[in-house]
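Student: I'd like to ask some things about the structure below.
The values are calculated or read from the model by the stated rules, or taken from the named source; none is laboratory data. Quantities reported herein were computed from a predicted structural model and do not represent experimental measurements. Cβ sites come from the backbone with ideal geometry, for glycine too, and all protein chains shown count toward neighbours.
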Amino acid sequence: MTEDRHSTFRDAHSDIDTAKQIPDTPQTRAPAYRLAFADDDFLCRDELRPVRLQLELLKPQMILDERGIESTVVLFGGARIPAPANKDSARTKTLSELSRFYDVAQEFARLMTRKSLETYGRDYVIATGGGPGVMEAGNRGAHEAGGASIGLNIVLPHEQAPNEYVTPDLCFNFHYFAIRKMHFLMRARAICVFPGGFGTLDEMFESLTLIQTGRMRRIPFLLFGRAFWEKIINWEALADAGTISDEDLDLFRYVDTAEEAAEIVENWDPAPAREDIPGR
């Protein structure tokens, strides 16, 4: 048993080790005999989905709590956006032009990480999806500033390893998109959305919806690249149609530089969650 446990009972690790040393018999080889919490086949059954959901919520939560991380600055953005040095290999001319946002994300992460270090790494910790593109830029900027950063990866059929700049003991892997999204937002002090595709749009609209409906308090919600976002989404058309209210257009701000974004985050006055939805 470990000496720091607050229990007089034998610990689970000891029983797992002991169970591996028992005599080999038809009974001990049977799946039914395996310890339930050490039985991968059992834990992966459909009926155990609620337990797996709980485990995916708890593991990152406990590790982040142990590290003393209280707030994060979340960066969403396209995995396909290249670093400027690689822009000539971009699949489209637009992607090549968007490579400048790699530099913007990198510099913004540097600025936020310097501020994080003032709180001994407890606040303003950069959190990304842990992949390439904008995500890599965010983790890279934090790394270059000498601070830690979080990577919330998810298992995809085509996905590669996490980018090399994520702090290793803050690099998590998820099976459930829903739990991963909760961890993006549970500690978020700011949400920063760079140009991206389906995944970025999904994360952006879900986060905006939580703020719009009062399920989440108001925090800086920054869209990097006004020209990109105004071309992709006609927000005013939604307001004109009445499907959102004019007040909903104040839930986010456009920014184009790292310095502009950092100033908004640093000077943000705490705002409560909405108590009603305008226009309803």
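Student: For residue 160, all conditions in the list (1) more than 28 Å from residue 268 (Cβ to Cβ); (2) at pLDDT 95 or above; (3) not hydroxyl-bearing (Ser, Thr, Tyr) hold save one; what is the number of the exception?
Tutor: Only one criterion is unmet by residue 160, namely (2).
Student: Moving on to the next point. Which is part of a helix (DSSP H, G or I) and either without any contact (Cβ under 8 Å) to a residue 40 or more places away in the chain or surrounded by fewer than 24 Cβ atoms within 10 Å (Cβ to Cβ) (or both), of 119, 113?
Tutor: Result: 113 is the single residue among 119, 113 that is part of a helix (DSSP H, G or I) and either without any contact (Cβ under 8 Å) to a residue 40 or more places away in the chain or surrounded by fewer than 24 Cβ atoms within 10 Å (Cβ to Cβ) (or both).
Student: Please work out which one of (1) touching a strand residue (DSSP E or B) at 6+ places or on another chain (Cβ under 8 Å); (2) surrounded by 14 or more Cβ atoms within 10 Å (Cβ to Cβ); (3) within 23 Å of residue 83 (Cβ to Cβ) is the condition residue 187 fails and give its number.
Tutor: Here residue 187 meets the rest and fails (3).
Student: Pairs, please: C-beta under 7 Å, at least 6 apart or cross-chain, first residue more than 16 Å from residue 36 (Cα to Cα) and in the range 13-25, second in a helix (DSSP H, G or I)?
Tutor: Close Cβ pairs (under 7 Å, with a partner that is in a helix (DSSP H, G or I)) amount to 22/28.
Student: For the range 210-231, which positions are surrounded by 12 or more Cβ atoms within 10 Å (Cβ to Cβ), out of contact with any Asp or Glu (no Cβ under 7 Å at 6 or more places or on another chain) and in a helix (DSSP H, G or I)?
Tutor: Across the range 210-231, the qualifying residues are 210, 211, 228, 229, 230.
This table checks each residue for (1) closer than 30 Å to residue 179 by Cα; (2) surrounded by 10 or more Cβ atoms within 10 Å (Cβ to Cβ); (3) in contact with a strand residue (DSSP E or B) (Cβ under 6 Å, 6 or more places away or on another chain); (4) modelled with pLDDT under 95.
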site: 3; (1), (2), (3), (4): no, no, no, yes
site: 8; (1), (2), (3), (4): no, no, no, yes
site: 13; (1), (2), (3), (4): yes, yes, no, yes
site: 22; (1), (2), (3), (4): no, yes, no, yes
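Student: From the list 42, 37, which one is in contact with a Pro (Cβ under 9 Å, 6 or more places away or on another chain) and surrounded by 10 or more Cβ atoms within 10 Å (Cβ to Cβ)?
Tutor: Matching residue, one of 42, 37: 42.
Student: So which of 184, 198, 194, 228 is within 13 Å of the chain's Cα centre (by Cα) and aromatic (Phe, Trp, Tyr)?
Tutor: Step by step, each of 184, 198, 194, 228 is checked, and only 184 is within 13 Å of the chain's Cα centre (by Cα) and aromatic (Phe, Trp, Tyr).
Student: Moving to a separate point now. If you take the residues of the range 239-273 that are of a type in the set (S, T, N, Q) and out of contact with any Gly (no Cβ under 6 Å at 6 or more places or on another chain), which of them is farthest from residue 219 (Cα to Cα)?
Tutor: Across the range 239-273, the extreme among qualifying residues is 243.
Student: Do you know which of the residues in the range 88-110 that are assigned to a helix (DSSP H, G or I) and among the small types (Gly, Ala, Ser) is surrounded by the fewest Cβ atoms within 10 Å (Cβ to Cβ)?
Tutor: Only one residue fits best here, namely 89.
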